[in-house]
Amino acid sequence: MQLIIKRLKLALRFSFTLTSSVLLLSACGGEQITTTGVLPGGMTPVPLPVSNVASTPVPSPTPSPVLSPIASPTVESVVQEPVPREPCVSPEGLALTDINSVTEWINALPKPVTLPCVVESLPRPLNIQFTQSVFSAQPSLGRGNPRVFIFYDKLILSVVTAHGFNPLTTPESEQLDALEVGYITQDIVPRSDLDTAPYAIKGEYKLPYNEAIALKTPYDDVLSGSSGTFCGTCHTAEQQVDVIDGTPVFASHIYQPVEELAVSILQMQNERTLCDETREPFRCAMLSAIFDHGILYPVAFPENAEFFR
């Protein structure tokens, strides 16, 4: 009997506790749901409350504003645009036969007359030779910038395809676009019977020119004092052969480059194709003047000309 009374007290206490919890939860807005399970002592489970209080919605995170990308400052490439100029065509009624005729030719071209203009105007076809020889007041700067020899019978013109300076006649700080000229002459007294090498009168034009030049200009530009020329420093057996407007004219042996230093017309044609006018305007103008205006033929110096390297 005591055991039964004890169990009843325990059941009543547990029932009171659960009932109080239900009342408390109901008062707070709860609702009951049925839950299965077995309580100690085999008692019937009491329905358990589950809160239906609406959860406070958590606001979605505010998206970060989408910022427009900041444009990087534009750095303009520094390029040198080619300067438009008049086409340079052969002057009517003139021919290139000797150094004086070159002066008349230059004077007939539009001013200012530049070295590329002179080369562009030359009669075609061009009998030409390219060499990478550095033995000159106008040395080659490599296979892509060779010395260029152009032949009109006894008249030989010489240029380089890049800007250069003549250290013998021009300070290093100054640029020089030179047209060297030589005219093979027979009016020479050989030094001996063994002196069979050809002689040529030497001259030089320092371009550009803004006005007409005198016949003596190319001879003045190579003078070294009154008894010789800068050409005589390398070209042997120099001697005076004439006087033009008070300027002495000198001739000396001519030299030809050795064959292994030759640069082919085909290679230089490729250099012309690849030349970038925005980076090398002068060089491209020279290559254009040589290649874009007619046919080129390879030619050799006189066989008895001395060799230089």
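Throughout, read-outs are computed from the coordinates displayed, never taken from laboratory work. Keep in mind that this is a model prediction, so the values were computed, not measured. Cβ: placed from backbone, ideal geometry, glycine included. Neighbour counts: every protein chain shown.
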(request) Return Leu215, Leu296 ranked ascending by Cβ neighbour count within 10 Å, so the fewest neighbours appear first. (result) Leu215, Leu296
(message) In whole Hz and in residue order, list the ³J(HN,Hα) couplings for region 236-242 that follow from phi through the Karplus curve 6.51 cos²θ - 1.76 cosθ + 1.60, θ = phi - 60°; x for Gly and Pro.
(response) 7, 6, 6, 8, 6, 10, 6
(request) Give the calculated FRET efficiency between Leu266 and Glu86 to the nearest 0.05, with a Förster radius of 35 Å applied to their Cβ-Cβ distance. (result) 0.70
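In debye, nearest 20: dipole of region 214-309 around its Cα centre with unit charges on the Cβ of K, R (+) and D, E (-)?
On the way: 5 positive and 14 negative charges, 20 e Å.
Charge dipole of region 214-309: 100 debye, to the nearest 20.
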(request) May I ask you to evaluate 6.51 cos²θ - 1.76 cosθ + 1.60, the Karplus curve with θ = phi - 60°, for each residue of region 293-308 and list the ³J(HN,Hα) values in order in whole Hz, giving x for glycine and proline? (result) 10, x, 7, 10, 10, x, 9, 10, 5, x, 4, 8, 6, 5, 9, 9
(request) Would you pull out the residues with amide H under 5 Å of Val258's amide H, same chain only if 5 or more places away, H placed 1.01 Å from N? (result) Phe308
(message) Take Glu306 and Arg143, extend 7 Å from each Cα along the Cα→Cβ direction, and tell me the distance between the two endpoints in nm.
(response) 3.0 nm
(message) For the pair His163/Glu277, report the inter-label distance in nm, with labels modelled 7 Å from Cα in the Cβ direction.
(response) 1.9 nm
(request) Just subtract the alpha-carbon distance of Ala237 and Ser224 from 0.36 nm times their residue separation and send over the number in nm, one decimal. (result) 3.1 nm
(request) Figure the gain on full extension for Asp153 and Ala212 (residue separation times 0.36 nm, minus the Cα-Cα span) and round it to one decimal in nm. (result) 18.7 nm
(message) What whole-number distance in Å separates the alpha-carbon centres of region 213-273 and region 275-309?
(response) 17 Å
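Please order Glu204, Glu303, Glu104 by the number of other Cβ within 10 Å, starting at the fewest. Walk me through the numbers on the way to the answer.
On the way: Glu204 25, Glu303 7, Glu104 16.
Arranged by neighbour count, lowest to highest, Glu204, Glu303, Glu104 become Glu303, Glu104, Glu204.
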(request) With a point put 7 Å past each Cα toward its Cβ, work out how far Arg124 is from Val189 in nm, to one decimal. (result) 4.7 nm
(request) Please report Glu260, Glu306, Glu280 as a ranked list, fewest other C-beta atoms within 10 angstrom at the top and most at the bottom. (result) Glu260, Glu306, Glu280
(message) Using amide H atoms built in the peptide plane, which far-off residues or other-chain residues are under 5 Å from Gly203 H to H?
(response) Val181
